[in-house]
Each structure stands twice: as structure tokens, then as C-alpha cells.
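K.L.:
Structure in C-alpha cells, see below.
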Amino acid sequence: MSAHRLTCRDVMNQRYEIVDGLMTVADALKLMKQKEHRKVIIKKRDDHDEYGMVQLSDISQQVIAKNRAPERVNLYEIMIKPFICVRPEMDIKYCARLFERYGLISAPVVEHDEVIGVVSHNDIVLNWPDSE
């Protein structure tokens with residue numbers, strides 16, 4: 001067993017943008033394509049609000065499949081809110097178990113009520129230590 005355990009902080013990525021929920025899906029898609037991101041995090045409106053999240057799969061299911069015009073749909077209309085998030089110090093084996101239990105592909109990493117990264121199955125698997 002490795003002396004250093006891997007945490008979500010160790011493997012998290014920065015492949016997301018934090019945006020306003022009033023942004024249209026069309027504008028979000030332009031930003032996501034430009035930055036090569038697969039998700040956007042929706043800002044809180046106030047201290048009592050929660051973050052939201054829109055992934056490419058949400059756009060596919062809630063906009064494209066329903067034949068809605070992306071320039072007429074705001075992110076807040078299709079966002080996941082609240083979402084399951086993880087702590088930065090969570091061991092990645094527990095993160096993987098959480099993903100399996102709830103059918104997640106990724107989760108924002110939140111510290112002091114701020115999103116500091118995102119962890120995905122890919123991040124976990126690609127950073128898993130080789131057998132010793």
C-alpha cells in the first residue's frame with residue numbers, strides 16, 4: 001500500500017467555468033467549445049443559494065432532444081441544482097464509491113463553500129497508483 005493516499009485535491013481538474021445562470025445555452029456552448037470544457041458551474045445568487053451545474057449531457061437531453069433553441073434557453077432552466085459535491089481531502093477510493101452508488105460521472109470539489117475543482121472517473125483512474 002502506498003504511504004501517500006490520493007485525495008480528490010490531488011486528482012481534481014480545472015476543466016470548468018463558473019458562469020451566471022442567465023447565460024444562454026448557446027453562449028455557454030461557445031465558451032465550452034473554446035475552452036474544451038464539458039461542464040459549467042452556475043454561480044450562487046446569494047449566500048443562501050447553492051451552486052448549479054450544466055454538463056454537455058444536460059444540453060443534449062434538455063435542449064437538443066427537445067428541439068429547443070439554445071439561444072432562447074438559459075442555463076438556470078436546465079441546470080442540476082443542488083449537485084453532489086466532494087471534499088478536497090476525500091480519499092479517491094471513497095469518491096469512486098460515491099460515484100458508483102449515485103451514478104455520477106463527475107463531481108465538483110468544494111472547500112470553504114467555494115468550488116475549487118472537479119473530479120471525474122477519468123481523473124481517478126488515470127491517477128490511480130500502479131500496483132507495487
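Every number in this text was worked out from the coordinates using simple rules, so none of it is lab data. What you see is a predicted model; the values in this text were computed from it and never measured. So basically every Cβ, Gly included, is an ideal-geometry build from the backbone, and we count neighbours across all protein chains shown.
K.L.:
Working only within segment 99-131, note down all residues that are aliphatic (A, V, I, L, M) and within 24 Å of Ser60 (Cβ to Cβ).
P.N.:
Within segment 99-131, Leu104, Ile105, Ala107, Val115, Val118, Val119, Ile124, Val125 meet the criteria.
Yes or no, residue by residue, for (1) of a type outside the set (Ser, Thr, Tyr); (2) surrounded by 13 or more Cβ atoms within 10 Å (Cβ to Cβ); (3) within 20 Å of Leu29 (Cα to Cα); (4) touching a Ser or Thr at 6+ places or on another chain (Cβ under 8 Å):
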| residue | (1), (2), (3), (4) |
| --- | --- |
| Gln61 | yes, no, yes, no |
| Arg68 | yes, yes, yes, no |
| Glu71 | yes, no, yes, yes |
| Ile80 | yes, yes, yes, no |
| Phe83 | yes, yes, no, no |
| Ile92 | yes, yes, no, yes |
| Pro108 | yes, yes, yes, no |
| His121 | yes, yes, no, yes |
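K.L.:
Name the residues in segment 114-125 that are over 14 Å from Glu89 (Cα atoms) and either acidic (Asp, Glu) or touching a residue at least 40 places away in the same chain (Cβ under 8 Å) (or both), would you?
P.N.:
Across segment 114-125, the qualifying residues are Glu114, Ser120, Asp123.
K.L.:
Return the pairs, sorted by first residue and then second, in which the second residue is exposed (fewer than 12 other Cβ atoms within 10 Å of the Cβ) and of a type outside the set (Ser, Thr, Tyr), the first residue lies in segment 34-60 and is in contact (Cβ under 8 Å) with a residue 24 or more places away in the chain and more than 12 Å from Val19 (Cβ to Cβ), the beta carbons are less than 8 Å apart, and the residues are 6+ apart or on different chains.
P.N.:
Correct list of pairs: Glu50/Pro82.
K.L.:
Quick one: in segment 1-52, which of the residues that are surrounded by fewer than 18 Cβ atoms within 10 Å (Cβ to Cβ) and in a strand (DSSP E or B) is farthest from the chain's Cα centre (by Cα)?
P.N.:
Per the criteria, the residue is Thr24.
K.L.:
Okay, next question. How many residues are part of a strand (DSSP E or B) and loosely packed, with under 12 Cβ neighbours inside 10 Å when one looks only at segment 110-119?
P.N.:
1
K.L.:
What number goes with the only condition from (1) touching a residue at least 60 places away in the same chain (Cβ under 8 Å); (2) in a loop (DSSP other than H, G, I, E, B) that Cys95 does not pass?
P.N.:
(2)
K.L.:
When the residues of segment 60-88 are narrowed to those that are part of a loop (DSSP other than H, G, I, E, B) and within 17 Å of the chain's Cα centre (by Cα), which ends up farthest from Arg9 (Cα to Cα)?
P.N.:
Met79
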